[in-house]
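A short write-up of the structure that comes next.
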Amino acid sequence: MRLAMETSPLIKLISLTLLLASAIAGPTLEEQAGALLAWKATLETQPAQLQLQSWENTSWPCSWHGISCSSKHQQQPVITGISLRGLGLRGELHTLNFSALATLTSIQLAQNQIRGSLPPSLASSLPNLRHLMLQDNQISGYLPPELGYLVNLRWLVLSQNKLMGSIPATLGRLVNLAILYLYYNQLSGHIPQELGYLVNLEELDFTGNDLTGPIPRNLGNLTKLNNLFLGDNQLSGYLPPELGYLVNLGGLHLWQNKLMGSIPATFGSLLNLTSLYLRYNQLSGHIPRELGSLVKLFELELQHNKLMGFVPDIFGNLTKLSYLYLGDNQLSRHIPRELGYLVNMRKLDLRNNKLIGSIPATFGSLVNLTSLVLWDNQLFGPLPDMFGNLTKLALLHLDGNKFSGHVPGEIGTLMDLQYLQLNGNNFSGPLPPDLCAGGKLERLTAFDNNLNGPLPSSLVHCLSLVRVRLERNQIEGDISELGIHPNMVYMDMSSNKLYGQLSNHWREWRNLTKLNISNNNIMGNIPTSMGQLSQLKVLDLSSNKLEGELPSKLGNVKSLFHLSLADNLLYGSIPQEIGALYNLEILDLSSNNLSGSIKGSIEHCLKLRFLKLSHNNFEGNIPTELGVVSSLQGMLDLSDNSFVGAIPSQLSGLSMLDTLNLSRNELNSSIPASFGSMESLTSIDVSYNELEGPIPESRLFLRAPLECFMHNKMLCGVVKGLPPCSSATQSEGQRTPYGKIVLATVSILISLVLVVAILKFRHERKKSKATSTDNVTQLASMFSVWSFDGTNVFKQIAEATDNFSEVHCIGTGGYGSVYKARLATCEIFAVKKIRIIDDEYGINESMFNREIGALVQIRHRNIVKLFGYCSSSQGRFLIYEYMERGNLAETLRANKRAIELDWGKGG
């Protein structure tokens with residue numbers, strides 16, 4: 001018994017030793033193989049069966065694809081590595097028994113389709129793991145804090161997944177870690193201060209997450225760090241000066257955050273730095289001169305901040321610099337000539353600053369330059385003669401400055417040139433004739449200059465062109481000579497001096513989305529082949545001399561949303577096919593000779609926002625169907641046509657309409673009362689019609705000027721200057737014959753009283769022979785226009801005619817000249833200025849009085865109306881209704897207008 005008791009501790013020790021040995025020995029190779037086969041069974045069949053064919057019970061596991069083994073002290077081999085990168089495996093890590101794989105030192109499963117979260121058992125079961133690479137998968141969920149147990153880990157690569165939540169502070173325990181890649185996930189929260197303990201870290205990349213808060217200052221302790229990439233996050237606060245202690249740093253990328261303050265001068269100590277990305281932040285202050293010490297710098301990106309001051313001339317020392325981006329800041333002063341010393345420069349971008357002066361001539365030494373971007377500065381003067389040296393230049397952006405002089409011809413010799421932007425300057429003279437000599441030019445923008453001369457011959461047949469904008473210059477050329485441009489997407493050559501006719505070549509421009517050649521001298525018909533431009537969205541041919549009918553084939557261009565053919569010589573009706581343009585939003589056919597009814601041709605364009613058909617010869621009723629085009633919101637202008645009948649009440653359904661102009665037609669009846677509910681309407685004009693009855697009572701009509709309702713049959717109501725409506729008028733919407741007689745009688749009596757007063761006043765004035773003063777107030781006191789303020793109207797007429805300048809003269813007779821006066825109110829009058837004869841108001845005065853008396857008494861629809869008069873020692877003026885069609889001689893010369901007068905119906 002004693003022996004048994006004495007040996008009992010020994011037995012226990014032996015048992016414990018055996019147990020520990022068993023634990024140290026770990027799982028057998030067979031157990032590990034079983035765990036891997038079990039995981040394979042959970043993967044989706046097709047990729048797993050194809051890529052893992054060698055994983056079978058009948059073969060030795062160490063020979064399986066992607067599996068590596070090792071043995072120690074001649075023991076049985078165990079699995080130490082899994083490398084299955086880029087096999088397209090689909091499954092989860094939770095189904096892999098990591099406890100059976102405790103001997104693993106490396107897991108490489110990158111570029112697969114592993115989903116689900118990271119199991120905590122991965123960290124707690126693999127004490128020997130040194131490399132964990134799971135990048136470019138679909139792993140989601142949170143980073144387990146248990147990762148801090150992997151104290152032997154050197155590489156932790158979990159980038160390009162769907163991880164979320166914060167970065168565990170426990171990662172600060174991984175003191176052996178050399179590479180930590182978590183970029184392009186959905187991580188949030190602050191960067192843990194504990195990462196400052198990873199003194200062996202060489203690579204840290206958290207790019208493309210949603211990290212917030214400041215950059216920890218103790219990251220300055222990571223002196224072995226080669227690259228610190230924290231770009232594309234939401235980091236805020238100031239740049240820690242301690243980052244300047246990272247003397248081994250080659251790349252510092254902090255772009256697109258919310259960092260503020262100045263760039264620390266300590267960054268000048270990063271002598272091994274090759275790339276510094278601070279773009280898209282809120283950094284301010286000056287660019288520190290200390291950055292001029294970074295002689296190994298290859299890329300410097302400081303654009304899109306709030307940096308001010310000047311570009312340091314010491315940057316001329318950075319001779320290895322190939323990419324310099326300083327755009328979108330507030331830098332001022334001149335461009336330092338020292339930048340011309342950077343002979344390795346490939347891309348130089350100084351856009352959108354406040355730089356002044358000229359381009360340094362030293363830039364001619366930048367023979368490797370492929371991109372020079374200087375737009376939106378205040379640079380001026382002629383361009384230097386050095387561009388011929390920049391033979392590799394592909395992109396030249398000089399737009400939005402104050403450059404002047406000719407565009408150097410040597411720019412046309414740049415064989416690699418693809419993008420040339422010169423717009424918004426003061427360039428003059430012709431464009432270089434050989435602009436597309438290299439056959440690579442894709443974009444040419446030179447609008448808003450003073451360019452003249454012919455279209456460059458090389459452009460006419462430049463097949464590479466994609467976008468051309470030359471509008472608002474004085475360029476000449478025959479538009480019909482333009483060849484085929486199969487790649488052209490956008491062309492705007494409006495407001496030039498182009499001439500010729502549109503050819504059928506346009507149908508070959510298959511990719512064209514915008515064509516604007518308005519305000520030129522183009523003649524001929526619109527070719528029907530334009531109906532084959534299936535990608536066209538904008539077509540503006542306005543303000544030319546195009547004639548003929550609208551091609552019905554335009555209805556085939558279903559993508560069209562902007563069609564402007566205004567101010568041409570087009571005639572005929574609107575083709576029904578235009579109604580098939582269901583994407584049309586803007587239609588302007590104003591100022592042509594179009595005629596016929598518009599019913600059935602437009603109201604099906606249910607996306608219309610802007611419709612202008614003014615100054616044509618359209619007739620018939622306004623279609624009630626226009627009221628269902630509820631998208632109309634900018635303008636509906638049908639003015640100066642021959643529409644008849646009542647205004648459709650359905651137009652009040654245009655609940656978003658801003659401007660409605662129905663003036664100068666032959667519309668009758670009353671203004672629909674429902675117009676008072678059009679709350680979006682800010683402007684309405686129904687003048688020069690045959691309307692009668694009350695004005696709708698609404699805020700719009702209360703504020704509308706009288707001019708918008710003038711020259712109608714008998715409108716009344718809330719507008720200041722119109723007569724009030726009687727109760728009968730308000731209830732019936734029209735005046736009684738008795739009311740018209742009374743009003744006419746009152747008008748005649750008022751006219752007679754005014755004529756008598758005039759004659760008496762003139763007689764008294766001649767009798768006294770008093771000298772009149774010539775100031776505007778006295779002149780205006782003699783001025784009388786029914787319901788007008790004389791002083792204001794006289795001033796407006798004087799301004800409208802530039803003090804009766806010959807420019808506004810439309811006719812001359814024996815007793816004076818007639819002027820066209822367009823007032824600020826948009827009313828147009830004919831002003832007759834009676835020639836003064838020095839006879840103390842003798843013959844001249846009597847003629848003046850006779851004409852007033854005769855015109856006041858005449859009542860005939862074919863005689864122009866007299867609106868008022870004015871008399872002073874400087875002259876006498878009669879104000880008549882202005883007749884749009886001109887004088888009788890002009891009308892009789894035009895056959896079409898003479899027919900319209902229909903003399904056979906005259907008296």
**Prompt:** Which value results when the Cα radius of gyration for segment 542-738 is divided by 2.2 N^0.38 Å?
**Reply:** 1.05
**Simple label model, 7 Å out from Cα along Cβ direction - Leu702 to Asp313, nm** = 6.8 nm
**Fill in**
So for R0 = 56 Å, FRET eff. of Ser83-Ser631 from the Cβ-Cβ r, to 0.05, ends up at 0.40
**Request:** Provide the three semi-axes, in whole Å and in decreasing order, of the ellipsoid equivalent to segment 31-213 as defined by the square roots of 5 times the Cα gyration tensor eigenvalues.
**Result:** 29, 19, 12
**Prompt:** For segment 463-516, with equal point scatterers placed on the C-alpha atoms only and solvent neglected, what are the log10 I(q)/I(0) values from the Debye formula at q = 0.12 1/Å, to two decimals?
**Reply:** -0.25
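Report the convex hull volume per residue for segment 369-442, counting only C-alpha atoms, in Å³. Mind showing how you got there, number by number?
Numbers: hull volume 5.5 nm³, N = 74.
It is 74 Å³ per residue.
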**Asked** Ser140 to Asn593: FRET efficiency via 1/(1 + (r/R0)^6), r the Cβ-Cβ distance, R0 51 Å, to the nearest 0.05?
**Response** 0.15
**Item:** Other-chain or far-sequence residues with amide H under 5 Å of Ser817's (modelled H)
**Value:** Lys833, Arg835
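Can you list the GluC sites (Glu not before Pro) in segment 523-625 that are in a DSSP coil and have 12 or fewer other beta carbons within 10 angstrom?
Details: sites: Glu547, Glu549, Glu577, Glu585, Glu603, Glu619, Glu625; in loops: Glu549, Glu585, Glu603.
When the GluC sites (Glu not before Pro) of segment 523-625 are filtered for loop state and at most 12 Cβ neighbours within 10 Å, nothing remains.
Please give the FRET efficiency for Arg115 paired with Thr58, using the beta carbon to beta carbon distance and R0 = 25 Å, rounded to the nearest 0.05. Present the calculation step by step, with values, prior to reporting the outcome.
On the way: r = 31 Å, r/R0 = 1.22.
Step by step, r from the Cβ atoms, then E = 0.25.
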**Message:** Just to be sure I follow: if Rg is taken over the C-alpha atoms of segment 276-427 and Rh is the Kirkwood radius over the same atoms, what is Rg/Rh?
**Reply:** 0.94
**Message:** Please list, ordered by chain and number, the residues whose modelled amide H lies under 5 Å from the amide H of Leu187; skip anything fewer than 5 residues away on the same chain.
**Reply:** Asp210
**Label-point separation in nm, Ile810 to Ser166, each point 7 Å along Cα→Cβ** = 8.0 nm
**Request:** Be a star and scan segment 77-106 for residues whose amide nitrogen sits under 19 Å from the point 7 Å along the Cα-to-Cβ vector of Ala41.
**Result:** 90-101
**Message:** Using Cβ counts within 10 Å as a stand-in for footprinting exposure, how do Ser59, Ser322 rank, fewest first?
**Reply:** Ser59, Ser322
**Request:** Amide H neighbours of Thr370 under 5 Å, at least 5 residues apart or on other chains, H built in the peptide plane: list them.
**Result:** Lys347
**Request:** Mind checking the full-extension length gain between Thr682 and Asn344? Use 0.36 nm per residue of separation minus the Cα-Cα distance, one decimal, nm.
**Result:** 115.7 nm
**Complete:** The alpha-carbon pair-distance distribution computed for segment 71-178, with 5 angstrom bins and whole-percent values, is 2, 12, 22, 26, 22, 9, 4, 2, 0, 0
**Item:** Cross-link pairs beyond the 19 Å C-alpha cut-off, checked among Lys720/Lys833; Lys347/Lys402; Lys497/Lys545
**Value:** Lys720/Lys833; Lys347/Lys402
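The numbers here are math on the coordinates, done by the rules we state, and not lab data. Quick caveat: nothing in here was measured; it's all calculated off a predicted structure. Note: ideal-geometry Cβ built from the backbone for every residue, glycine included; neighbour counts use all protein chains shown.
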